[in-house]
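Chemist: For reference, the structure I am asking about is given below.
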Amino acid sequence: GCSLLSAKTIYYVKQNGTGDGSSWANASGSIQAMIDKAASGDEVWVAKGTYYPTTETIARDVRSRTFLIKARVKLYGGFAGTESSIAERQLADLDGNGRVDSCELVNPTVLSGDIDGVPDVWTKKMNSNGTTWTWTVTGNEGNCYQVVNNLGGTIDGFSVIGGNANNKSANISSGGGIYAYSSAASSSYVTNCTVSNCSATDGGGICADAPSGFSYVTNCTVSNCSAAY
């Protein structure tokens with residue numbers, strides 16, 4: 001007999017989109033709705049803009065809102081909203097260091113945990129040795145614990161900001177920006193992302209947790225993040 005191979009489906013998201021996600025012209029406005037629709041092997045393409053998480057992992061706790069990436073679903077950001085291939089995403093030497101890195105996307109797709117609208121103020125204090133420093137932050141008390149929960153999927157081409165994973169009692173204290181969890185069934189991938197202005201008890205920017213399987217973090221920058229451990 002013959003077996004049927006199912007082709008992958010691409011779902012499209014634009015800021016303020018109102019469509020079903022079937023094309024850029026009919027883009028959805030909800031990243032999470034498209035992830036939830038996606039099956040194993042499918043992709044979600046997200047155009048530039050700022051997006052806030054909506055899925056609460058703890059009932060009636062708005063700070064538990066997160067982008068929940070399912071196993072083997074791939075989330076791509078950094079699109080202008082016209083591209084027909086991932087390779088068409090535009091890059092530039094945004095930090096002016098003389099080279100173009102694959103995380104330097106001209107059209108930033110920002111995932112923000114700053115859901116309370118209170119500005120986060122980060123202050124850098126040099127230590128007495130003159131070479132190391134400590135960050136202190138105010139205004140993030142109402143931010144999401146973890147902006148992204150990658151449960152064995154892929155996140156590629158996003159800028160993640162404003163996570164504050166400080167809820168020890170509910171065991172949400174790791175990975176303020178991205179918490180990447182891998183099982184034996186599905187490894188987790190974080191690629192071409194920038195993570196900044198995130199804090200946590202453990203792993204302010206990214207926590208790669210792989211009790212079985214592997215969590216891969218490649219071509220990413222992490223900056224202005226703070227953690228106790």
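Chemist: Residues that are under 24 Å from residue 14 (Cβ atoms) and among the basic types (Lys, Arg): which strands (runs of 3 or more DSSP E) entirely in the range 42-127 hold 1 or more of them? Show your work before the answer.
Modeler: Numbers: elements: 43-47, 49-51, 65-69, 74-79, 109-112, 121-126.
By residue number, 65-69, 74-79.
Chemist: Further, regarding this structure: Restricting attention to the range 27-36, which residues are in a helix (DSSP H, G or I), more than 23 Å from residue 116 (Cβ to Cβ) and open to solvent by less than 40 Å² (accessible area, probe 1.4 Å)?
Modeler: Hits for the range 27-36 are 34, 35.
Chemist: Now for a different question. Right, residue 39: in a loop (DSSP other than H, G, I, E, B), out of contact with any Pro (no Cβ under 9 Å at 6 or more places or on another chain) and within 30 Å of residue 165 (Cβ to Cβ) or not?
Modeler: Yes; evaluated as a whole, the condition is true for this residue.
Chemist: Still on this structure, please answer the following. Just to check your reading of the model, which residue among 120, 101, 156 is at pLDDT 95 or above, more than 14 Å from residue 194 (Cβ to Cβ) and among the acidic types (Asp, Glu)?
Modeler: Numbers: 101 fails: more than 14 Å from residue 194 (Cβ to Cβ); 156 fails: more than 14 Å from residue 194 (Cβ to Cβ).
Among 120, 101, 156, only 120 is at pLDDT 95 or above, more than 14 Å from residue 194 (Cβ to Cβ) and among the acidic types (Asp, Glu).
Chemist: Shifting gears a bit: Hey, can you tell me all the residues within the range 98-126 that are among the hydroxyl-bearing types (Ser, Thr, Tyr) and either buried (at least 22 other Cβ atoms within 10 Å of the Cβ) or over 19 Å from residue 178 (Cα atoms) (or both)? Outline the logic, then answer.
Modeler: Initially, the range 98-126 is screened for residues among the hydroxyl-bearing types (Ser, Thr, Tyr), giving 102, 109, 112, 123.
Passing the criteria: 109, 123.
Chemist: Pick out the one residue from 65, 72 that is crowded, with 21+ Cβ neighbours inside 10 Å and basic (Lys, Arg). Let's see the steps before the verdict.
Modeler: On the way: 72 fails: crowded, with 21+ Cβ neighbours inside 10 Å.
So the residue among 65, 72 that is crowded, with 21+ Cβ neighbours inside 10 Å and basic (Lys, Arg) is 65.
Chemist: Can we say residue 220 is in contact with a helix residue (DSSP H, G or I) (Cβ under 7 Å, 6 or more places away or on another chain) and either open to solvent by 20 Å² or more (accessible area, probe 1.4 Å) or within 24 Å of residue 48 (Cα to Cα) (or both)? First the steps, then the outcome.
Modeler: Values: in contact with a helix residue (DSSP H, G or I) (Cβ under 7 Å, 6 or more places away or on another chain): no; either open to solvent by 20 Å² or more (accessible area, probe 1.4 Å) or within 24 Å of residue 48 (Cα to Cα) (or both): yes.
Criteria not met by residue 220.
Chemist: Of all the residues that make up the range 162-186, how many are in contact with an Asp or Glu (Cβ under 9 Å, 6 or more places away or on another chain), surrounded by 24 or more Cβ atoms within 10 Å (Cβ to Cβ) and hydrophobic (A, V, I, L, M, F, W, C)?
Modeler: So the count comes out to 2.
Chemist: Still on this structure, I have one more. Evaluate the range 127-146: report whether one residue or more is among the small types (Gly, Ala, Ser) and open to solvent by less than 30 Å² (accessible area, probe 1.4 Å).
Modeler: Initial filter on the range 127-146 (among the small types (Gly, Ala, Ser)): 128, 130, 139, 142.
With open to solvent by less than 30 Å² (accessible area, probe 1.4 Å) added as a condition, the list becomes 139, 142.
Checking the range 127-146: at least one residue is among the small types (Gly, Ala, Ser) and open to solvent by less than 30 Å² (accessible area, probe 1.4 Å).
The values are calculated or read from the model by the stated rules, or taken from the named source; none is laboratory data. As the structure is a prediction and not an experimental result, all values here were calculated from the model. All Cβ positions, glycine included, derive from the backbone under ideal geometry; neighbour counts span all protein chains shown. Please note that ligands, DNA and RNA were not included when accessible areas were found on the heavy atoms of the full protein model with its side chains. Shrake-Rupley method; radii C 1.70, N 1.55, O 1.52, S 1.80 Å.
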